[in-house]
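The values are calculated or read from the model by the stated rules, or taken from the named source; none is laboratory data. Predicted, not measured: the structure shown is a model, and the values here were computed from it. Cβ coordinates were reconstructed from backbone atoms using ideal geometry, including for glycine residues, and neighbour counts include every protein chain displayed.
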Number of protein chains: 2
Amino acid sequence: MRINKKDLLDTHTRIKPHIHNTPVLSSSLINEIVDAQLFFKCENFQKMGAFKMRGALNTVLQLSDEQKKFGVATHSSGNFAQALALSAKLQGTKAYIVMPKNASDIKKKAVKAYGGQIIECEANLDARETSLNKIVDETGAKFLHPYNDYQVIQGQGTAAMELIEEHADLDYIITPVGGGGLLAGTALAAYHFSPKTKVVAGEPLGADDAWQSLEKGELVPQTNPQTIAEGLRTSLGDKTFPIIREYVEKIVRVEEDEIVKAMRLIWERMKIIIEPSSAVAVAALLKEKKKYKGKKVGIILSGGNVDLDNLPF
Amino acid sequence: MRINKKDLLDTHTRIKPHIHNTPVLSSSLINEIVDAQLFFKCENFQKMGAFKMRGALNTVLQLSDEQKKFGVATHSSGNFAQALALSAKLQGTKAYIVMPKNASDIKKKAVKAYGGQIIECEANLDARETSLNKIVDETGAKFLHPYNDYQVIQGQGTAAMELIEEHADLDYIITPVGGGGLLAGTALAAYHFSPKTKVVAGEPLGADDAWQSLEKGELVPQTNPQTIAEGLRTSLGDKTFPIIREYVEKIVRVEEDEIVKAMRLIWERMKIIIEPSSAVAVAALLKEKKKYKGKKVGIILSGGNVDLDNLPF
């Protein structure tokens, strides 16, 4: 499957009326630190607080009226759960969200606030898949994968499309990478709409399956991820990996303290709230700042959903 | 002294090239909570992180070349100290800042980062004034008051001017009130540029000298203020009070827990960082939300300088 220009344009046309064209902010102080022109695409201001809204909505908007009677289902304890719940609500259908029992109350509350129905399961992959299959069988809901899905990838790519539309001549775009939906979508958007723009990703050293997969040339699943960047604990999928391998320049691994430091820099200097996963892209920028000297660099701030009772500072 | 339309327009023309025309943001969720159309003027995104930059800059830009040789001085442990230091730096002159010994390191650091020279004194009014007089005598620096100064008041009024320019038909504008510079400036801006817009202020119950002064019809100085909203612990001055008495509709007092709750609401829902003083205006809005039902309301988010190591949640 090859996602072409028209696929991306159609996707953007489809979801545009339902999402925020999020602002692109700059900070003269951070420009000085890196000695570059930086453009932060603020998906932390997106509906439900993250870019995940784009991909979720793109799938839900393409459901048939028949399918809408039965709803959608996914397993996620993160932003995709909220995004799918809100997308389903906006389109008048149901969302069943399989979540591990030990997911935090704040996450369950958020999914419920968007009208999602939570199915709790034990905190392991087997239980998750069993619960998901069961709910799909029982309800007729359609399973939607959080990232390993071309419609989701295309949806996530629209953030970079908007960034490129606003700033046509970027030398680089940096995103975080977890399952690879945002990174694959961004890489395709750059390839089709701004071919001279290179795409780089930041990844936590403690969950570096994407880096390892690129090194080895084959999918290396993530086991036992150790990082504060919750959204990036997942493994690349068989749909995201080939796109990333083909279109992404490099993946930069960052330490936990670099993530927290980058997060704090954005909070203190830009006065905006980003979650640790977003800070991974900023940390990747800072780690190799010489590379970006004098360049125009777009950074996708992927989300702003943090638990204020559990901050790393 | 009567500040007229031309004074305000001249002030805005003077400072405009040096400040950010900060964005006006909205939140559909907070609109729903209040059942009103809310427009948040984000002075937390202003240079040095607060509206104080406007007033400080307006004074420094009017210094004679002769005076610039000697610099400016003030006593402040808050945002005005940073604003004056940065304004002086931008205009190539010196800023002497008298700060109490017990001011936090983070505040001293911020003033130093902007090139301000700190003079430490004991933490009482007498020591502060003695130190200030001494430094003014020694250096020839010009004393600038943080709020009880017509040029400062006019500078602070430009935030509301920009808000009104963007949203012409506001029913209300709400600001916090401490020394009254922002409130007086806002009230004058509304009076001159949008006469149908009423101006309301939020004030901490534990530092309610402005409320008491309006009740009594004369200046009631603040003694022993008790509030998390550091920026609002000061007393009205003899220049701010008469303007507030004439042009402000009312002052709404809010409890400490209402301030923290309002702050958290803005952080969580708008993903932007505001300081407790800014949250006081939001708390005043929420406290009397029935009053604002169906109305168009501007809220000035005065600043975003918080110590991330000392958050109230």
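Mind counting the residues in region A:1-42 that are of a type in the set (D, E, K, R) and surrounded by 19 or more Cβ atoms within 10 Å (Cβ to Cβ)?
1
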**Request:** Output the number of residues of region B:48-82 satisfying the condition of being within 10 Å of B:LEU144 (Cβ to Cβ) and aliphatic (A, V, I, L, M).
**Result:** 5
**Asked** If you check B:ASP209 against the conditions, is it among the charged types (D, E, K, R) and either under 14 Å from the mean Cα position of the chain (by Cα) or surrounded by fewer than 24 Cβ atoms within 10 Å (Cβ to Cβ) (or both)?
**Response** no
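Table: residues versus (1) outside any strand (DSSP E or B); (2) under 21 Å from A:THR175 (Cα atoms).
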position	(1), (2)
A:GLU32	yes, yes
A:LYS41	no, yes
A:MET53	yes, yes
A:LYS69	yes, no
A:THR74	no, no
A:GLY92	yes, no
**Asked** Is it the case that A:ILE228 is at pLDDT 95 or above and either part of a loop (DSSP other than H, G, I, E, B) or outside the structural domain of A:LEU188 (by TED's automatic domain parsing) (or both)?
**Response** yes
**Fill in**
The condition of being more than 25 Å from B:LYS295 (Cβ to Cβ), in contact with a helix residue (DSSP H, G or I) (Cβ under 8 Å, 6 or more places away or on another chain) and at pLDDT 95 or above holds, among B:ILE273, B:ILE244, only for B:ILE273
**Asked** For region A:31-38, does any single residue satisfy the condition of being without any contact (Cβ under 8 Å) to a residue 12 or more places away in the chain, assigned by TED's automatic domain parsing to the domain that holds A:GLY115 and among the charged types (D, E, K, R)?
**Response** no
**Request:** Go through the residues of region A:68-79 one by one and say whether even a single one is over 22 Å from A:ALA141 (Cα atoms) and not assigned by TED's automatic domain parsing to the domain that holds A:PRO242.
**Result:** no
**Asked** Taking the stated definitions as given, is A:GLU43 modelled with pLDDT of 95 or more and out of contact with any Phe, Trp or Tyr (no Cβ under 8 Å at 6 or more places or on another chain)?
**Response** no
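Which of the following residues is under 26 Å from A:THR240 (Cβ atoms), more than 14 Å from every other protein chain (Cβ to nearest Cβ) and either without any contact (Cβ under 8 Å) to a residue 60 or more places away in the chain or of a type in the set (D, E, K, R) (or both): A:LYS41, A:LYS5, A:LYS47?
Among A:LYS41, A:LYS5, A:LYS47, only A:LYS5 is under 26 Å from A:THR240 (Cβ atoms), more than 14 Å from every other protein chain (Cβ to nearest Cβ) and either without any contact (Cβ under 8 Å) to a residue 60 or more places away in the chain or of a type in the set (D, E, K, R) (or both).
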**Hits in region A:261-311 - residues which are over 13 Å from A:ILE173 (Cβ atoms), part of a loop (DSSP other than H, G, I, E, B) and of a type in the set (D, E, K, R)** = A:LYS271, A:GLU275, A:GLU288, A:LYS293, A:ASP307, A:ASP309
**Fill in**
In the set A:GLY181, A:GLY202, A:GLY185, A:GLY217, the lone residue that is over 18 Å from A:LEU8 (Cα atoms), in contact (Cβ under 8 Å) with a residue 12 or more places away in the chain and within 16 Å of the chain's Cα centre (by Cα) is A:GLY202
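Looking at B:ALA127, B:ALA123 in this structure, which one is in a loop (DSSP other than H, G, I, E, B), surrounded by fewer than 22 Cβ atoms within 10 Å (Cβ to Cβ) and either hydrophobic (A, V, I, L, M, F, W, C) or at pLDDT 95 or above (or both)?
None of the others qualify; the one that does is B:ALA123.
With A:GLY298, A:GLY294 as the choices, which residue is in contact (Cβ under 8 Å) with a residue 12 or more places away in the chain, within 16 Å of A:ALA36 (Cα to Cα) and surrounded by fewer than 20 Cβ atoms within 10 Å (Cβ to Cβ)?
Numbers: A:GLY298 fails: surrounded by fewer than 20 Cβ atoms within 10 Å (Cβ to Cβ).
Result of the check over A:GLY298, A:GLY294: A:GLY294.
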**Request:** Being part of a strand (DSSP E or B) and surrounded by fewer than 17 Cβ atoms within 10 Å (Cβ to Cβ) is the filter here, so list the residues in region A:234-259 that pass it.
**Result:** A:LYS250
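What are the residues in region A:1-30 that are in a helix (DSSP H, G or I) and either polar (S, T, N, Q) or in contact with a Ser or Thr (Cβ under 9 Å, 6 or more places away or on another chain) (or both), if any?
Answer for region A:1-30, where residues must be in a helix (DSSP H, G or I) and either polar (S, T, N, Q) or in contact with a Ser or Thr (Cβ under 9 Å, 6 or more places away or on another chain) (or both): A:LEU8, A:THR11, A:HIS12, A:THR13, A:ILE15, A:LYS16, A:HIS18, A:SER28.
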**Prompt:** Within region B:221-259, restricting attention to residues that are of a type in the set (A, V, I, L, M) and in contact with a Leu (Cβ under 7 Å, 6 or more places away or on another chain), which residue is nearest to the other protein chains (Cβ to nearest Cβ)?
**Reply:** B:VAL254
**Request:** State all residues of region B:134-160 that are in a helix (DSSP H, G or I) and surrounded by fewer than 24 Cβ atoms within 10 Å (Cβ to Cβ); if no residue qualifies, say none.
**Result:** B:LYS134, B:ILE135, B:VAL136, B:ASP137, B:GLU138, B:THR139, B:TYR150, B:GLN151
**region A:17-30 - residue that is without any contact (Cβ under 8 Å) to a residue 40 or more places away in the chain and facing chain B (nearest Cβ under 10 Å) and, of those, farthest from A:VAL297 (Cα to Cα)** = A:HIS20
**Asked** For region A:260-313, which residues satisfy the criterion of being within 14 Å of chain B (Cβ to nearest Cβ), over 18 Å from A:LEU25 (Cα atoms) and of a type in the set (D, E, K, R)?
**Response** A:LYS261, A:ASP307, A:ASP309
**Message:** Please determine whether any residue of region B:232-239 is within 18 Å of B:PRO276 (Cβ to Cβ) and touching a helix residue (DSSP H, G or I) at 6+ places or on another chain (Cβ under 6 Å).
**Reply:** yes
**Yes/no for A:SER77 being more than 17 Å from A:ILE153 (Cα to Cα) and modelled with pLDDT under 95** = yes
